[in-house]
Amino acid sequence: MRKPKKIVYRFFDDREEKHYVICSLDHKELEALIEKYKSRKTDVIAKDFITYLKRHDKDVEEVIVKDFYF
């Protein structure tokens, strides 16, 4: 059985805070879930949205991205 690829998405919630999420959903699947989520919520708050995504992809997690120079 082949493991699904994981993709890192960057998004801004309604508070204009930047977040990174890693998941195995493709862009089309993620767009569909966003539309479904937004139809029931007035504000998109990152923590709530990530919890919602976990119901559809158990591998979803928020990640911290930092620059590293050497």
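Overview of results
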item	result
Close pairs (7 angstrom Cβ cut-off, 6 or more residues apart or separate chains): among the acidic types (D, E) in the stretch 16-27, surrounded by 11 or more Cβ atoms within 10 Å (Cβ to Cβ) anywhere	E17/A46
Residue within the stretch 14-26 that is within 10 Å of the chain's Cα centre (by Cα) and at pLDDT below 90 present	no
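The values are calculated or read from the model by the stated rules, or taken from the named source; none is laboratory data. Just so we're clear, the structure is a prediction, and the values are computed from it rather than from any experiment. Virtual Cβ from ideal backbone geometry, glycine too; neighbours counted across all protein chains shown.
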